[in-house]
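Single-structure report; data block below.
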Amino acid sequence: MKLIGKKWGLFLVVLLLSMGIMAGCGTEGQKTKEDAAAKTDEVEKESGEQFPITITDDANREVTIEEEPETIVSIQTSNTEIAFALGLGDKIIGVSDYDNYPPEVEKIEKVGAQDINSELVLTLLPDIALVTDYHYKTHPETLKQFEEAGIDVVVVGSAVSFEDVYSKIEMIGTATGSKTEADEIVTDMKERLQAIKDKAAAIKDKKKVWVEVSPAPDIFTTGQNTFMHEMLETIQATNAAENQDGWVKMTEEEIVKLNPDVIITTYGYYVDNPTAGVLSREGWTEVPAIKNKNVFDVDSDTVTRPGPRLIEGVETLAEFIYPEIFKK
């Protein structure tokens, strides 16, 4: 009997110990799950990718997006470029008629431009539509139709500076659950722009630059409040049209008197050999840029389209205008 009692007592001790261990494991397992959940919540909060979210778009409207968008329509070239840069290419099911970058847009449904093909957009029924302030002002009924159909409409306004572009990238990133990617893009752009400014600080003799955004006979240039003006200031160059504002038309006689050291054209995508055309103009032979053959064409989209490639544009301008400092 004593032996049986001892065995029973030993059994109870082992049982109690086992239950304690199991309880401990259960508590530990629960604690691990809670910790993991807390970390996930923390990451979501830090990244700003927790839904639903409410943003204030560029029409000053509060837009609440309940769930992370799975399908996107972008009716503006710059918004499309931003969305692709954010890694959202697979979600884009409709783009504007003028989209040309990246190459993947060629295979995506075109849904209009200034005038939206509203029937097609409603057929595609995206989760979110990225539109412009122009659409907001001129097509309010169309945008109302989209919202009534359950499409979140985000108005992305125009931009005339790098700071404006950073803001657009961040807003689109937040609206699409890509805030982390947006922050990375903006940080990269700022760092590259600062690197250019640091190099340009050594420039003592500023060059005067004439920017031509359309060819003769109707020659237009960019004055203040344009990307090109900000880019030229960044690299310590003088905009020959710095006394003008926005996009302005000027005559050849007025341009020659400005006596630029460098001429930049931005219409090589539709004019064959624009550089040769400028170099051969009558009455321009005494202009320093013509004498020294300092005439260059740059990709218009990289210096006028408010998106991530603007930083490439300013880097290209720097290499053309001050090759001794910026040429790689």
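The values are calculated or read from the model by the stated rules, or taken from the named source; none is laboratory data. From a predicted model like this one, the values you see are computed outputs, not experimental measurements. Positions of Cβ are generated from backbone atoms using ideal geometry, with glycine treated the same way; all protein chains shown enter the neighbour counts. Surface areas here come from the heavy atoms of the whole protein model, side chains and all, with no ligands, DNA or RNA. Shrake-Rupley method; radii C 1.70, N 1.55, O 1.52, S 1.80 Å.
The number of residues in the stretch 260-284 that are in contact with an Asp or Glu (Cβ under 8 Å, 6 or more places away or on another chain), open to solvent by 10 Å² or more (accessible area, probe 1.4 Å) and aromatic (Phe, Trp, Tyr) comes to 1.
Among the residues making up the stretch 184-206, those that are crowded, with 17+ Cβ neighbours inside 10 Å and under 19 Å from Pro306 (Cβ atoms) are Ile185, Val186, Met189, Leu193, Ile196. Residues in the stretch 264-298 that are farther than 21 Å from Thr222 by Cβ, in a loop (DSSP other than H, G, I, E, B), of a type outside the set (Asp, Glu) and more than 33 Å from the chain's Cα centre (by Cα): 5 in all. Pick out the one residue from Ile116, Ile108, Ile93 that is buried (at least 20 other Cβ atoms within 10 Å of the Cβ), in contact with a strand residue (DSSP E or B) (Cβ under 8 Å, 6 or more places away or on another chain) and not aromatic (Phe, Trp, Tyr). Only one candidate qualifies: Ile116. Is there a residue in the stretch 299-309 that is assigned to a helix (DSSP H, G or I), surrounded by fewer than 20 Cβ atoms within 10 Å (Cβ to Cβ) and without any contact (Cβ under 8 Å) to a residue 24 or more places away in the chain? No, the stretch 299-309 contains no residue that is assigned to a helix (DSSP H, G or I), surrounded by fewer than 20 Cβ atoms within 10 Å (Cβ to Cβ) and without any contact (Cβ under 8 Å) to a residue 24 or more places away in the chain.
Of Val209, Val213, all but one fail to be in contact with a Pro (Cβ under 7 Å, 6 or more places away or on another chain), buried (at least 16 other Cβ atoms within 10 Å of the Cβ) and farther than 22 Å from Leu88 by Cβ; the exception is Val209.
Within the span defined as the stretch 131-142, one or more residues are over 15 Å from the mean Cα position of the chain (by Cα), of a type in the set (D, E, K, R) and open to solvent by 50 Å² or more (accessible area, probe 1.4 Å). Residues satisfying the criterion are absent from the stretch 160-168 (criterion: polar (S, T, N, Q), in contact with a helix residue (DSSP H, G or I) (Cβ under 7 Å, 6 or more places away or on another chain) and open to solvent by less than 10 Å² (accessible area, probe 1.4 Å)).
For the stretch 100-115, a tally of residues being of a type in the set (D, E, K, R), in a loop (DSSP other than H, G, I, E, B) and over 16 Å from Pro126 (Cα atoms) returns 1. Of everything listed in (1) in contact with a strand residue (DSSP E or B) (Cβ under 6 Å, 6 or more places away or on another chain); (2) within 30 Å of Lys257 (Cβ to Cβ); (3) open to solvent by 10 Å² or more (accessible area, probe 1.4 Å); (4) of a type outside the set (Asp, Glu), the single unmet condition for Thr174 is (2). Look at the stretch 108-137: where a residue is free of Cβ contacts under 8 Å to residues at least 40 places away in the same chain and more than 18 Å from Pro69 (Cβ to Cβ), no partner that is among the basic types (Lys, Arg) and assigned to a helix (DSSP H, G or I) sits 6+ places away or on another chain with Cβ atoms under 6 Å. Residues that are in a loop (DSSP other than H, G, I, E, B) and open to solvent by 40 Å² or more (accessible area, probe 1.4 Å) within the stretch 119-130 comprise Leu125, Asp127, listed in sequence order.
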